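Let me begin by presenting the structure, written as structure tokens, before commenting on it.
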Amino acid sequence: MKIQKKNLPKAQLEITVELSTDELKPFLEKAAKKISSEVNIPGFRKGHVPYDILKKNVGEASIYEEAFYEAVNKTLPKIVMDEKIDFVAQPKVDLEKIAPGNPMVYKAVLALMPTITLGSYKELKAKRKKVEADEKKVKDTFSELQRMRAKEVVVERAAKQKDKVEMDFNVKLAGVGIEGGQATNYSLIIGEKKFIPGFEEKLVGMKKGEAKDFKLTFPKEYFDKKIAGKECDFHVKVQAVYEVSLPELNDEFAKGYNFKTWAELEKQIRDNIKKELEQKETDRLQLAILEEVVGKSQFSEFPDVLVDSEKDKMWHELEHNVEDSGGKIEDYLKHIKKTKEAIIKEWQEPALKRIKTALIAREVSKAEKIEVSDKEVEEEIKKNEGMYQAYPDLLKQIKTPEYKRYISNTIANRKTFERLASFVKD
């Protein structure tokens, strides 16, 4: 077998492979056997048709074409392994020459994984920030728990602070209704500041059945740029006013959440919020460290297919996030006035950044000889099995080889970051 390699632009490698007639022979035999097992030829059992008879019935070109696929599937992986070629994506294979009595020649173009010169990763400037207690978040959580147990009573008086108001409203700009500016039976609690500044104050003093027209200016930083900083006309009609009674935060209240005392529930809330903040800081530090090491490292050229693949991942993540929020990707694109193609084009640099950080994590893992044992993978899978007992389909998935590889990679990434974090100086 003759092999020639040639470097192509954009981090690609072309491999030309020539198989002699003798090297091609076993692949022709295998191809003939496969085809003979799939066709009906009178007088012969499937899989036992002589080559000459098969050639007359299906054509020798068909046998050679099948032999080509057999040869590529057998020889190309061996070449890649023997030559230690680190590539990404499916190789592009083209048949160059094939004819009875002649050598077969094919070419394969592979997109090469970028080579990396790893920078110093043990001397880091990144620092872990001290996690401070977020009293506002704690108080907001207390308030949210109270609201979940609040009692609401319809009243026939004028609305005041802390009341819940149910209403219909319509918002117009220059006499034209704005997108999403109409609602019926919409509820809000006066004083929670969930609407634009000034809106809730206009509801104070209004009674059931009362309507009011007024003007308000949307904040300059409002997400919808068409109305940001603009004065709009509001028409509001109150359908009902509710007096909201919040329960006291005491031991009785805590029992409703399966805690014996309020002190226990408060501690649990504070601990959960602290863990959440600590995880956010860990995520921030991880990214800061990886970005720092990326800046110290050198990369060869990136193949287009690798960047395009990362952009595809980013697109699927966006779709998933939009759908998880109850929206549709088509509506999201209309709202931001962009096409899928325009968004993906903007992701060139972010995609490169994500690839570089992933590659750096892999290189550090190699340099630090990070290993994951089968026992660690099995223990992690057992934890997940416990969580997914009520979901049979998920239980099947977590027992597949693909899921095991995913878990192994997850553990390796975690260990790699822990090793990197150990180099951060206090």
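On the stretch given as the stretch 334-368, residues that are over 21 Å from the mean Cα position of the chain (by Cα), within 21 Å of Leu287 (Cα to Cα) and surrounded by fewer than 17 Cβ atoms within 10 Å (Cβ to Cβ) total 3. Which of the strands (runs of 3 or more DSSP E) found entirely inside the stretch 172-257 contain at least 3 residues meeting this: among the hydrophobic types (A, V, I, L, M, F, W, C), open to solvent by 60 Å² or more (accessible area, probe 1.4 Å) and free of Cβ contacts under 8 Å to residues at least 24 places away in the same chain? So the answer is none; nothing clears 3. Among residues of the stretch 54-88 being more than 20 Å from Gln12 (Cα to Cα) and in contact with a Pro (Cβ under 8 Å, 6 or more places away or on another chain), the one that is modelled with the lowest pLDDT is Glu60.
Number of residues in the stretch 60-102 that are crowded, with 16+ Cβ neighbours inside 10 Å, within 35 Å of the chain's Cα centre (by Cα) and not β-branched (Val, Ile, Thr) equals 3.
Just one of the listed residues (Glu310, Glu291, Glu281) is in a helix (DSSP H, G or I), crowded, with 18+ Cβ neighbours inside 10 Å and either over 23 Å from the mean Cα position of the chain (by Cα) or not hydrophobic (A, V, I, L, M, F, W, C) (or both), namely Glu310.
Just name the residue that is nearest to the chain's Cα centre (by Cα) out of those in the stretch 15-57 that are loosely packed, with under 15 Cβ neighbours inside 10 Å and acidic (Asp, Glu). This residue is Glu38. Where strands (runs of 3 or more DSSP E) fall entirely within the stretch 42-159, those with at least 3 residues that are more than 30 Å from Leu246 (Cα to Cα) and touching a residue at least 12 places away in the same chain (Cβ under 8 Å) are at 87-97, 104-112.
On the given criteria, is Val105 of a type in the set (Val, Ile, Thr), open to solvent by less than 50 Å² (accessible area, probe 1.4 Å), more than 30 Å from Ile289 (Cβ to Cβ) and in contact with a Lys or Arg (Cβ under 8 Å, 6 or more places away or on another chain)? It is true that Val105 is of a type in the set (Val, Ile, Thr), open to solvent by less than 50 Å² (accessible area, probe 1.4 Å), more than 30 Å from Ile289 (Cβ to Cβ) and in contact with a Lys or Arg (Cβ under 8 Å, 6 or more places away or on another chain).
The values are calculated or read from the model by the stated rules, or taken from the named source; none is laboratory data. What you see is a predicted model; the values in this text were computed from it and never measured. Using ideal geometry, Cβ is built from the backbone for each residue, glycine included, and neighbour counts are taken over all protein chains shown. What goes into the accessible areas is simple: the full protein's heavy atoms, side chains included, and nothing from ligands, DNA or RNA. Shrake-Rupley method; radii C 1.70, N 1.55, O 1.52, S 1.80 Å.
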